[in-house]
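Worksheet for the structure shown next.
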Amino acid sequence: MNIAVVGTGYVGLVTGTCLAETGNDVICVDIDQEKVRKMKNGIVPIYEPHLDLLFERNIKQNRLSFTTDLKSAIKDAKIIFLALPTPPDEDGSADLSYVLGVAEELGKIIDDYKVIIDKSTVPVGTADKVHAAVAKNANVDFDVVSNPEFLREGFAVDDFLKPDRVVIGTQSERARKILEELYKPYVRQGNPIIFMDEKSAELTKYAANAFLATKITFMNEIANFCEKVGADVDAVRKGVGSDTRIGKRFLFPGIGYGGSCFPKDVQALAKSGTEEGYHFQILDAVERINQTQKTALMPKILEYFNGDITNKKVALWGLAFKPDTDDIREAPALYLIDELLKAGATISAYDPEAMSNVQARIGDKINYAIDAYDACEQADLLVIATEWSVFRHPDFERVHAKLKGKVIFDGRNLYSLNSMKEHGFEYISIGRDKIINS
Ligand SMILES: NC(=O)c1ccc[n+]([C@@H]2O[C@H](COP(=O)([O-])OP(=O)(O)OC[C@H]3O[C@@H](n4cnc5c(N)ncnc54)[C@H](O)[C@@H]3O)[C@@H](O)[C@H]2O)c1
């Protein structure tokens, strides 16, 4: 099938590449000329594991190409995916200007039947708005389908190629058949394609993300309470998670969720509620608690240094909002950096993939280390903000030798208390006993 994907970010590029992988002809469109130039030169503009292999293969076999020109891209396409940003507006609602702007353009340029698929995460009722925006100028038949994306950055290729489920919101029989055909190769193991109306599909995505954000936040509150009463959150997590009604996943406590999705989707769902006269009390709490949790290490650090960290050198491991991505949107590390700098500390940070994005955002307010050990050189403390695998088994003797202050503040509970004792560190984590010498 001929497909155009409009918006070539984390979702659009993975979608386009994975659709080419099953034999479709895909053109990806983006307004970012530099990004398109890079892709035309065979460079993947984001870090996403395993994407490069598929990207190269499909370009070589002429199934995947890139352009900035929407009109030429959609000319032969039967299916047009919109994978455009829906960032939060000032009031927290989803900004639909990218999606509706492109929809209006499409109305002017489509000259035969198209299925226009909304892959962006959008509030209930957006499919109707997209339909109206296209219809304003169109004089051919078209369908607008809601097909929310559930991929996770870091696992995006696998998630797209083998989704738990595909959700498709459409009431058009014609569009339904086309999409069933398109997605068939990805659900051969029997995972479902779930058809529903457009509004339910739109809400499914928000409900899924808000539920996961709530699960994480609930466990973070349990962890905070563990600290008050001397319980161990690791034990509680295992006890709770082995109940199959609850499940083991998304129960790891830490310094909060970040990323481009959970924070904005929780806010946008709450805002949608307000607009309909419904107050999502639980979402207000989730957002508030998560915001505080991002800097939950700060009071612990200040307490350890008797309230004064002026000129203390902080080694910071991890900048991305989670491992296996270079995405720093709403990353807890950025909030920690702000607070640490405000308190007068200096920072030497290391992240395997996200350092250039942070440097582009905050410049040289912090030092960027060559590797994890270099960050620790003469530092008064080590702070861990992202659970990259490479931080799980470092050479502790080397870390110990490099650090001036032998103390680790671990926002992701990477190490056992025993191993920290054995290696001679003081250790402060989330929801567990502190190891403090004195
Ligand atoms: N990132 C994720 O993990 C994820 C997962 C599921 C759903 N989503 C949703 O998918 C949507 C896209 O997210 P993303 O993370 O891929 O965003 P992104 O910011 O990484 O990418 C968006 C791309 O759209 C391009 N763009 C903007 N305006 C354009 C226009 N008029 N024409 C063509 N291109 C244009 C931008 O240049 C950018 O490359 C959002 O609604 C998001 O909530 C994201």
- Task: Identify the residue in region 264-284 that is open to solvent by 20 Å² or more (accessible area, probe 1.4 Å) and under 13 Å from residue 92 (Cα atoms) and, among all such residues, is nearest to the ligand (Cβ to nearest atom).
- Result: 264
- Message: Report every pair of residues separated by at least 6 positions or lying on different chains whose Cβ atoms are under 8 Å apart, first residue within region 354-376 and outside any loop (DSSP other than H, G, I, E, B), second among the acidic types (Asp, Glu) and surrounded by 15 or more Cβ atoms within 10 Å (Cβ to Cβ).
- Response: 356/326; 357/326; 357/327; 358/351
- In region 68-90, anything within 11 Å of the ligand (Cβ to nearest atom), assigned to a helix (DSSP H, G or I) and touching a helix residue (DSSP H, G or I) at 6+ places or on another chain (Cβ under 7 Å) is listed as 70
- Looking at (1) within 14 Å of the ligand (Cβ to nearest atom); (2) open to solvent by 50 Å² or more (accessible area, probe 1.4 Å); (3) over 22 Å from residue 192 (Cβ atoms); (4) in contact (Cβ under 8 Å) with a residue 24 or more places away in the chain, can you tell me which one residue 112 breaks? (1)
- Task: Could you grab me the full set of residues in region 131-163 that are within 13 Å of the ligand (Cβ to nearest atom) and either touching a strand residue (DSSP E or B) at 6+ places or on another chain (Cβ under 7 Å) or at positive phi (or both)?
- Result: 146, 147, 148, 154
- When residues of region 46-67 are limited to those that are open to solvent by 70 Å² or more (accessible area, probe 1.4 Å) and either within 16 Å of the ligand (Cβ to nearest atom) or assigned to a loop (DSSP other than H, G, I, E, B) (or both), the one nearest to residue 329 (Cα to Cα): 50
- Message: What's the number of the only condition in (1) crowded, with 22+ Cβ neighbours inside 10 Å; (2) hydroxyl-bearing (Ser, Thr, Tyr); (3) in a helix (DSSP H, G or I) that residue 120 fails to meet?
- Response: (3)
- For region 159-189, name all the residues that are in contact (Cβ under 8 Å) with a residue 24 or more places away in the chain and either polar (S, T, N, Q) or open to solvent by 90 Å² or more (accessible area, probe 1.4 Å) (or both). 162, 164, 170, 171, 172, 174, 181, 189
- For region 243-263, how many residues are touching a residue at least 12 places away in the same chain (Cβ under 8 Å), open to solvent by less than 60 Å² (accessible area, probe 1.4 Å) and of a type outside the set (Gly, Ala, Ser)? 7
- Is there any pair linking a residue in region 200-213 that is on the phi < 0 side of the Ramachandran plot to one that is open to solvent by 30 Å² or more (accessible area, probe 1.4 Å) and more than 11 Å from the ligand (Cβ to nearest atom), with Cβ under 6 Å and at least six apart or on different chains, and which? 202/124; 203/124; 212/250
- Query: When residues of region 141-158 are filtered for being touching a residue at least 40 places away in the same chain (Cβ under 8 Å) and either of a type outside the set (S, T, N, Q) or open to solvent by 40 Å² or more (accessible area, probe 1.4 Å) (or both), how many remain?
  - Reply: 12
- Note on the structure: Requiring at least 3 residues that are of a type in the set (Phe, Trp, Tyr), the helices (runs of 4 or more DSSP H) wholly within region 197-292 are 198-229
- Of all the residues that make up region 194-207, how many are surrounded by fewer than 16 Cβ atoms within 10 Å (Cβ to Cβ) and touching a Pro at 6+ places or on another chain (Cβ under 9 Å)? 0
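The values are calculated or read from the model by the stated rules, or taken from the named source; none is laboratory data. None of these values were measured; they are calculated from a predicted model. FYI the Cβ positions are ideal-geometry reconstructions off the backbone, even for glycines, and counts take in every protein chain you see. Quick note on the areas: whole protein, heavy atoms, side chains included, nothing else; ligands and nucleic acids left out. Shrake-Rupley method; radii C 1.70, N 1.55, O 1.52, S 1.80 Å.
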